[in-house]
Structures are given as structure tokens and as C-alpha cells.
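The values are calculated or read from the model by the stated rules, or taken from the named source; none is laboratory data. Everything numeric in this text was worked out from a predicted model, so none of it was measured. Every residue, glycine among them, receives a Cβ derived from its backbone with ideal geometry; neighbour counts consider all protein chains shown. When the accessible area is computed, the model is the full protein with side chains, heavy atoms only, and any ligands, DNA or RNA have been set aside. Shrake-Rupley method; radii C 1.70, N 1.55, O 1.52, S 1.80 Å.
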Amino acid sequence: MIDLHEAQGRILQATPVLGQESVPITEALRRVLARDVAAVDDLPASDVSAVDGYAMRRTSLHGVSRRHPVHLRIIGEAPAGKPCGATVGDGEAVRIMTGGLVPEGADTVIKLEETTEDGGYVKCMAAPGHVSGIRSKGDSLKKGQIVLRAGDVISPLEIGALASMRRAYVYVHRKPMVAILSTGNELSDFHEPASPWKAMCSNLYALAAQVIEVGATPLCLGIVEDNLQAQQQILTEALRADLIVTSGGTSRGKYDLIHKTFASMGMEMRFSTIFVKPGKPTLFGTIGKRPVFGLPGNPSATMLSFDQFIRPALLKMMGHRNTLNAQWGRAASGHGNDGLLNIDSFNKQSGGDNTHHRATQVPLGKQLRHEVGHTIAEPKRFKIVVR
């Protein structure tokens, strides 16, 4: 019999990190980057205006003040997304909008508020000082600059950043496929009529939901009877999954056969009893590099054991860091890189911060603790009478 800490350590030590796959960025949400992401181009790609106003040469504003304004002839317009095509000379200006391409010859943009326009001329009443009003090419990101790093968890913020860099696809760690089955002659499923001597296999569906919640893919194999050959047959099918979970049959009764079944399939047993309650008859081992869990049939013990042991293993398989300390319902992010702060709309001036987290508008309640050495409390207290 081993304690909780040792059990968790053995599980994580034996759990592999899965390989990578390329997915569309909208399918990468809550998944973990498998490769660094670098900017493929400068951002912005050209010199653009940072304000609405007029683009001109700084030399045209020599000696300008409110008492001595300068009148410049307007030779064109540069809205965002449509280059002007004109070349600005001395005494000339181009009407320009925020994000508009700065025309040839211009090196300064005067804010709209510092000007008035009349009869094809713009009257400038203040010098720009040290600020040019222009965002230079590559001001936010330089081509080749690392923005996101392998191990970062993709949130909507990262998806926006990837789109800003025109990255339609991204490499993430693969989602594990988890084979789930329940053992017991006393169990029935939805397709069977209700029976007074059988119980509904609720664990099958609760475990599937927990697998989905953590971000993996369930493969529900249904119910298998308390028969060694039948269990061997269905578990052979389960070997196409990345991780196997069974519920029921882990005690030492006459019909508790899952130990024998696993042993007959060559499983290396890592532990078979844990000093915890509920969930004492939980077993763990590996078939090849594949983690295999045998959970007790009690529904409360099954779900708690999943959260204590299987959830951290699945998070590790998907590339998450600090899996035992991950927040309830959300994996810990691998942030620590400020690349996002350089991108438009994600910087401090636009309300971002070093953690890249949006402020909470309304407190929604306390988070459950999920720390090493602390058993997760059940979200609700209720009595479950089936398995």
C-alpha cells in the first residue's frame, strides 16, 4: 500500500508526453504548443499612421505655432487599407487615417485636432515635437522574433495573436484517446430494459464527461461481464487508445477479475492499493508505454480517483506543465514570455498586462483547491446509489 504522493509520482513518471500535430488555430483552444511560434513578417509590414490626421514633411512645419500657422496643400488621401500613391513634397500634405500607409516623402503625421481644413489646404497650428505620429515597419514585431513558446497554453488571446501573425495552423500536442469500460454482471446500459437486479453503468458516462472536460477524447467500450476471456477481448480492443480506464472489479472478491485480466495481458503493475479513502482499491500499471488505470466501482471513488490520478496524467500527455497544481477545470499556462505585449491590442496601452489575463468583471465564486498532498473535495455532497 502506498500513499497519495507516491502514487501520483509513480503515475507521472510512467506517463509519456504525446507527439504533435498541426491544427487550425480555432481548434487549438486550451491545447499546448509543441513548437515555438515566430513572426514570419515584420509587424506592421510598412510605415503606417498611428493617428487620424495629415502626413507631411517635418521641414514644412518650421516655425509653426498657433500665432503663426502653416498652410499646406492637400494632394491626396490615405485611408486604412488603400495606399495614396502620391509623393509628398515641401508645402504638401496627405489626409491620412489611423492605420493608413504613410505616403512617400512624408515623415510626420499631425493629429487631426491640431489642424483645420479649408479649400483644399490644411492649416497646422502646432509642431509635432519628438513624436512623429508614425508606427514604423517592424515596430511591434521583427521577422523571426519568438512570440509564443512550446509549452504555452492556447487561450483566445493566443489565437488572436496567431491570427495577427497570419498563422492559420499551429503545432500542438496530440489529444489522448482514452478507452473507458465498466466491469460487472450487475450493470446495464440505456439500450437495455430496467431490471430490479441490475444498476445503470453511470461510471461509464461520468468518466467520459471527465475525459472531455480535461480536453481528451473518450472511447467508450461499454460494459464487460465478470469473465476473464471477455475482459481480455475488450481490453485488447482498448489497446488502440493512448490510456485505458476501467471501473469496478479492483477488490479481492471472487468476481473481481481485473487484476488477473491485466496480468494476463502483460501489464507491469506499478501499484494496486492506495492509502486513501474513498478509492483505496485503485490500481495503476503500463502495457508498453500505455498507462492503465483500474478504478473502484463506487461512483464517488471513481470520480475522485480520476481527478487525483488520471487528470494529471492526461494533462502531462497533452504537454501541460505543473499538472498536479493546475487549477480546477483549467490547465496551468506556460506563459513567461512577453511576446504578446508587442502585438497591437495586447499591449499595456490597450489594457494588457504581463499575465495576459483579462480582468474579471463579476466574481463567480471560489475555486476548489488542487494542490499536491490535498485530496480534492467533492463539488457537491450527494449520495450516489448506482454504479
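Just a few scattered comments:
- Taking the numbered list (1) closer than 16 Å to Y54 by Cα; (2) touching a Pro at 6+ places or on another chain (Cβ under 9 Å); (3) open to solvent by less than 30 Å² (accessible area, probe 1.4 Å); (4) not in a strand (DSSP E or B) in turn, C84 passes all entries but (3).
- Condition broken by I96, with the remaining ones in (1) more than 16 Å from G53 (Cα to Cα); (2) modelled with pLDDT of 95 or more satisfied: (1)
- Filtered residue count, region 150-181, keeping only those that are of a type in the set (D, E, K, R) and open to solvent by 10 Å² or more (accessible area, probe 1.4 Å): 4
- Residue that is farthest from A206 (Cα to Cα), among those in region 253-265 that are out of contact with any helix residue (DSSP H, G or I) (no Cβ under 8 Å at 6 or more places or on another chain) and part of a loop (DSSP other than H, G, I, E, B): K254
- Screening D41 with (1) under 30 Å from L283 (Cβ atoms); (2) open to solvent by 60 Å² or more (accessible area, probe 1.4 Å) gives one miss only, at (1).
- Residue count for region 170-211 satisfying the condition of being among the polar types (S, T, N, Q) and closer than 19 Å to D242 by Cα: 2.
- The number of residues in region 241-286 that are open to solvent by less than 60 Å² (accessible area, probe 1.4 Å), among the charged types (D, E, K, R) and closer than 21 Å to L12 by Cα comes to 1.
- Within region 283-310, residues that are over 15 Å from A209 (Cβ atoms) and without any contact (Cβ under 8 Å) to a residue 60 or more places away in the chain sit with their Cβ atoms under 8 Å from residues that are β-branched (V, I, T) and open to solvent by 10 Å² or more (accessible area, probe 1.4 Å), at 6+ positions apart or across chains, in these pairs: L283/T273.
- Answer from E225, E268, E213, E192 - the residue that is out of contact with any helix residue (DSSP H, G or I) (no Cβ under 9 Å at 6 or more places or on another chain) and of a type in the set (D, E): E192
- Matching residues in region 123-149 - criterion: being open to solvent by less than 20 Å² (accessible area, probe 1.4 Å) and either under 18 Å from A50 (Cβ atoms) or in contact with a Lys or Arg (Cβ under 7 Å, 6 or more places away or on another chain) (or both): C124, G133, G138, S140, L141
- If you go through region 92-119 and keep only what is open to solvent by 60 Å² or more (accessible area, probe 1.4 Å), touching a residue at least 24 places away in the same chain (Cβ under 8 Å) and either assigned to a loop (DSSP other than H, G, I, E, B) or at positive phi (or both), you end up with M97, T98, D107.
- Where a residue in region 63-86 is over 15 Å from M125 (Cα atoms) and touching a residue at least 12 places away in the same chain (Cβ under 8 Å) and its partner, wherever it lies, is part of a loop (DSSP other than H, G, I, E, B) and among the hydroxyl-bearing types (S, T, Y), with Cβ under 9 Å and at least six apart: A80/T98; P83/S46
- Qualifying position, being out of contact with any Lys or Arg (no Cβ under 6 Å at 6 or more places or on another chain) and of a type in the set (G, A, S), among G249, G285: G249
- Residue pairs whose Cβ atoms lie under 9 Å apart, sitting 6 or more positions apart in sequence or on different chains, and linking a residue in region 163-178 that is part of a strand (DSSP E or B) to a partner that is of a type in the set (A, V, I, L, M, F, W, C) and open to solvent by 60 Å² or more (accessible area, probe 1.4 Å), are H173/V17.
- Of note, I244 satisfies the criterion of being in contact (Cβ under 8 Å) with a residue 12 or more places away in the chain and in a strand (DSSP E or B).
- Among the residues making up region 190-240, those that are assigned to a strand (DSSP E or B) and either more than 17 Å from T302 (Cβ to Cβ) or open to solvent by less than 60 Å² (accessible area, probe 1.4 Å) (or both) are A199, M200, T217, P218, L219, L221, G222, I223, V224.
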